[in-house]
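See below for the structure under consideration.
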Amino acid sequence: RRVLVPTNLHWSQHRRGERVNPAILELANHHEDTLFLIKTHPAHVPDDGFVRACPPNVQVLDELCCLFADLDSARLVLASDAVISTLSTVALGAAVAGRPFIVHDSGNPNRYEHVATVAPEHLDRAYESLFTEPPDSQAFVDHYVASGTVGGATRAVFAAIADEVPGASPSAPG
């Protein structure tokens, strides 16, 4: 299995933030058959202590290297079997892509609607059921993404132009 773990620039500033990285590393140590891909936030450089503490099944993907390799978060979500993130749009991307995900509770006072967060001390237990009982993410996706309009952006743009420009056709050119 491949599990994407995108970092969040400010999770260390949250109430439980200092417990996020150790919980991820502990999870990796318990699941040696899983490759954990830590994708750093564009402005986040993990400290050397964290990198040295990573077991062999944890790979830290540097943001600059990902940019040069054309590996954005969306591609990494699609290449992964699951996602573990703190409050991040990558969790929403995982839900839209149909990947199981966990929102790890860093103590951020903000919350997503329709998604429970998992405290660091419960991460291993949540991971155990992630693939057998993935969270129902439909209400989460419906709340944040007008899923009925996904793929219809071009039609919407042309319809808006047609409303504004006299004589314009509301359909996209052939």
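Nothing in this text is a laboratory measurement; each read-out follows from the coordinates by a stated rule. Here the structure is a predicted model, which means the values were calculated and not measured. Note that each Cβ is placed from the backbone with ideal geometry, even for glycine, and that neighbours are counted across all protein chains shown.
Quick look at the values:
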{"quantity": "Mean separation of Cα contacts under 8 Å, 6 or more apart, over the residue count of the range 36-125: relative contact order %", "calculated": "19 percent"}
{"quantity": "Cβ-based net charge around Leu4, under 12 Å, with every Lys or Arg adding one and every Asp or Glu removing one", "calculated": "+3"}
{"quantity": "Gained length - Ala97 relative to Asn29, 0.36 nm times residue gap less alpha-carbon distance", "calculated": "21.8 nm"}
{"quantity": "Gain upon complete extension [Arg125, Cys65; 0.36 nm per residue less C-alpha separation]", "calculated": "18.3 nm"}
{"quantity": "Three-way shape call for the range 21-83 based on the alpha-carbon gyration tensor, with the a/c threshold at 1.5", "calculated": "oblate"}
